[in-house]
Amino acid sequence: NAGVTQTPKFQVLKTGQSMTLQCAQDMNHEYMSWYRQDPGMGLRLIHYSVGAGITDQGEVPNGYNVSRSTTEDFPLRLLSAAPSQTSVYFCASSYSYTNYEQYFGPGTRLTVT
Amino acid sequence: GIQVEQSPPDLILQEGANSTLRCNFSDSVNNLQWFHQNPWGQLINLFYIPSGTKQNGRLSATTVATERYSLLYISSSQTTDSGVYFCAVERLAGNNRKLIWGLGTSLAVNP
């Protein structure tokens, strides 16, 4: 198993540009989530999904959209990038809502200028 | 909301030393995880431990849920143990679960 994969590893955007961060898992996990990690603030939950077709907001959802059309994929879309979205983004998955042990992807380092 | 506090915030060890990292939480939780973030940024889950003790090689963890703390023991530390150790507690939030993270303990192991 590849586990949780994320692309790209690094990205630089200009303010106002849009892009999609990709996340995929091959463990047949139901539960997937996106976090951002900023210095001194730990990890904060952006959006999550309890299964294909079901998504919900986390702590810091503004400026981000998600969809979950398949069990494997959970892309995160930045609609109009802002410098405040400069961060490291992690995708995570867990087997189910009741078995919540989280497995993380390698992260995407995003810089918005 | 629930508070998760980790101590110490920073720790420097000589290779071969032992250490104990602590995670305190302010309310009851469903579960608790320990993670290691290596110097390249990868987050690796170490333990999923709502209570009791688990061991994995040189690492072990103990959670005492009734007293609202967890400890991570690192024995015979190696330079590859360097990085940040996070504790995250799991809470029910309405119909869904949520991880609340501590700010981590930054560990440097010197050769």
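The values are calculated or read from the model by the stated rules, or taken from the named source; none is laboratory data. Just so it is clear, the structure is predicted and the values come from calculations on it, not from any experiment. We place every Cβ from the backbone using ideal geometry, glycine too, and count neighbours over all the protein chains shown. Calculation scope for accessible area: heavy atoms of the full protein, side chains included, ligands and nucleic acids excluded. Shrake-Rupley method; radii C 1.70, N 1.55, O 1.52, S 1.80 Å.
Summary table
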read-out	value
Rounded to the nearest 10 Å², the accessible area of B:E5 at probe 1.4 Å	120
Buried solvent-accessible surface, both chains (B, A), 1.4 Å probe, Å² to nearest 100	1700
Computed accessible area, A:R109, all protein chains, 1.4 angstrom probe, square angstrom	130
Apportionment of accessible area to carbon and sulfur, chain A, percent (1.4 Å)	50
Cα-centred dipole magnitude for the protein assembly as shown, charges only on beta-carbon of K, R (+1) and D, E (-1), debye, nearest 20	300
Given charges at Cβ of Lys, Arg, Asp, Glu: chain B dipole, positive-most of B:V109, B:S26, B:L13	B:S26
Contact order normalised by residue count of the range A:1-58, Cα under 8 Å, 6+ apart, percent	26
Accessible surface, 1.4 Å probe, highest first, among residues A:F10, B:F47	A:F10, B:F47
Linear extension gain, A:A82 paired with A:Y95, 0.36 nm per residue minus alpha-carbon span	1.4 nm
Residue-normalised accessible area of chain B, expressed per residue, 1.4 Å probe, Å²	48
Chain A - accessible surface per residue (Å², probe 1.4 Å)	45
Relative contact order (%) - chain B, alpha-carbon pairs under 8 angstrom, separation at least six	36
Carbon and sulfur %, accessible surface of the range B:25-76 computed with the full protein complex present, 1.4 Å	48
Interface residues, the range B:16-64 - accessible area loss of 50 Å² or more versus chain alone, probe 1.4 Å	B:Q42, B:L43, B:N45, B:Y48
B:I2 paired with A:E59, simple spin-label distance in nm, labels 7 Å along Cα-to-beta-carbon	1.3
Exposure ranking of A:L79, B:L21 by accessible area [1.4 Å probe, largest first]	A:L79, B:L21
Rounded accessible area of B:S70 (nearest 10 Å², 1.4 Å probe)	0
Net charge of neighbours whose Cβ lies under 15 Å from the Cβ of B:F47, counting Lys and Arg as +1 and Asp and Glu as -1	0
Within 10 Å of each Cβ in A:102-111, the average number of Cβ atoms from other chains	3
Net charge of Cβ neighbours under 13 Å - reference B:Q33; Lys, Arg +1; Asp, Glu -1	+2
